[in-house]
2 protein chains.
Amino acid sequence: MDFKQHDLSDDEIRRRAELYGPLGAAVRELIDAAIRTEVDDDTIRTATTQISDIAAGLRARQIDGAFGVRYNASGTGMAWGNAVVGLANGVAPPITLHYPPTGGTRAEFNLGAPYEGPPGCVHGGICMMVLDALLGSAAASDETAAYTGTITVRFLRPTMLFTPLTASAEVTERSGRKKIVRGSIADEHGDTVVAEGVFILPRETNARPLTSVDGSTRRAPG
Amino acid sequence: MDFKQHDLSDDEIRRRAELYGPLGAAVRELIDAAIRTEVDDDTIRTATTQISDIAAGLRARQIDGAFGVRYNASGTGMAWGNAVVGLANGVAPPITLHYPPTGGTRAEFNLGAPYEGPPGCVHGGICMMVLDALLGSAAASDETAAYTGTITVRFLRPTMLFTPLTASAEVTERSGRKKIVRGSIADEHGDTVVAEGVFILPRETNARPLTSVDGSTRRAPG
């Protein structure tokens, strides 16, 4: 895997985050609007053409392939294309991971129309995606890289859209090359989904801990 | 859960799919372009403003809340806002579920930049999201509704971006109110991720099987 090192200062990374962050946020707004719109057919057709034109304009100069995970000499990371936490990626839900001093990973969020599965509920697959990122980050939060082996997710009851949610995860056991990480998504009444993951430490590692310019991730969960 | 019935003909649903499908596809293109663009700062700022303006235009008339799962009198379903298979939802990866006559659910796909986790690889959470949808659809493909109880996902090796992938799932056991469903994601060398799900049949159900105007889903996986 190619963790690309770039010769960028922390200030330059911060400047770029202030450019790509709002772009990602605007795309996320558009995703929501496209699902919920009930404007007339011609307005939808015009919007479709305009969106394609903007995409073509942005593609006038673009990287080949995916964004990757980039970092600079001081270890500041940019996982901006990441499907769950990438600030430039419209697919990534509006979730910021935090690392409490007591350990583990935590996030508070509220999901809207683009994350729907059963009517009015968060898609089970979105719950799994969020928990995968949380557990992976918790597994790496002691700064020892680990690969995801197995994750088991138990759905206790529906997780609702448009509701304040909290997700958290922490390493609960270590044994040999294994770490067990447990986490959950909860609403004000308690857990809605719980997860347990087995993470495996590689025999040798040259992975390095990453810090993030926006505090959202110390490594690229994935 | 509110499965809304709408008084729309199959033709009208088809007409709307031909309107919202291209809108969703254009949004998906834009998500990809926003991650990969390297155009100059001013072009990015202009694009950001234009995208926000289009979103505001689409919001001039919009539904309150999420799209829901809608169907008409003949049982044709519209889960167009669904996070994994919704044709109007830019978050949904470019995956179409198929139902082979031999049973189960199957999909062939190829994921690009918006689905990245580790550099060059599909995000583990995206693999889980896809498998959740596949397993859920397979569990429902015998037309008995079932709730997702537990899903266990085992990551065997990285799943690569820009690579032809196949996912499949089928019910492998039934016992009492439980169904066991197994599935996997595979590349040309074999399975990369395998999953097993336990689905629970409700004691009573008024759920009805749905057909889809675009063949992508018989019920709304979620």
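General remarks:
- Helix-only mean residue ellipticity at 222 nm for chain B, each DSSP H run of n ≥ 4 adding -39500 (n - 2.57), per residue, nearest 500: -9500 deg cm²/dmol
- Contact order normalised by residue count of chain B, Cα under 8 Å, 6+ apart, percent: 21
- Spin-label zone in region A:141-184 - amide nitrogen under 19 Å from a point set 7 Å from the Cα of A:Thr102 along the C-beta vector: A:141-142, A:165-173, A:181-184
- Measuring spread by the Cα atoms of region A:99-205 yields a radius of gyration and Dmax of 14.2, 46 Å.
- Hull shadow area, averaged, the protein assembly as shown [alpha-carbon convex hull, nm²]: 20.8
- Candidates B:Ala17, A:Leu156, A:Ala88 compared by Cα position along the dipole of the protein assembly as shown: farthest toward the positive end lies A:Leu156, with charges placed on Cβ.
- Separation of region A:46-71 and region A:117-142, taken as the distance between their Cα centroids, equals 27 angstrom.
- Peptide packing for B:18-24, A:185-191, B:129-135 was compared via the average number of neighbouring C-beta atoms within 10 Å per residue; ordered from the highest value, the list is B:129-135, B:18-24, A:185-191.
- Normalised contact order of region A:4-91, rounded percent, pairs of Cα under 8 Å and 6 or more residues apart: 46
- Counting every pair of alpha carbons in region B:35-159, the share spaced more than 20 Å apart comes to 61 percent.
- For region B:3-212, dividing the convex hull volume of the Cα atoms by the residue count gives 144 Å³ per residue.
- The mean count of C-beta atoms from other chains within 10 Å of the C-beta of residues in B:16-23, rounded to a whole number, is 4.
- 29 Å Cα-Cα reach of A:Lys179 towards lysines, excluding residues that sit fewer than 8 places from it in its own chain: A:Lys4
- Based on Cα contacts under 8 Å between residues 6+ apart, region A:91-140 shows a relative contact order of 33 percent.
- For region B:52-106, fraction of C-alpha pairs farther apart than 12 Å, in %: 75
- Remark: mean inter-chain Cβ contacts per residue of A:69-81 equal 2, using a 10 Å Cβ-Cβ cutoff to other protein chain atoms.
- For region A:4-63, the fraction of alpha-carbon pairs lying more than 15 Å apart is 67 percent, rounded to a whole number.
- 12 Å beta-carbon shell around B:Glu29, net charge (K/R +1, D/E -1): +1
- A Cβ-based charge dipole, computed about the Cα centre of chain B with Lys and Arg at +1 and Asp and Glu at -1, lands at about 860 debye.
FYI, it's all coordinate maths here, none of it is from the lab. Predicted model only: the values in this text are computed from it and were never measured. Counting neighbours? That spans all protein chains shown, and the Cβs are built from the backbone with ideal geometry, glycine included.
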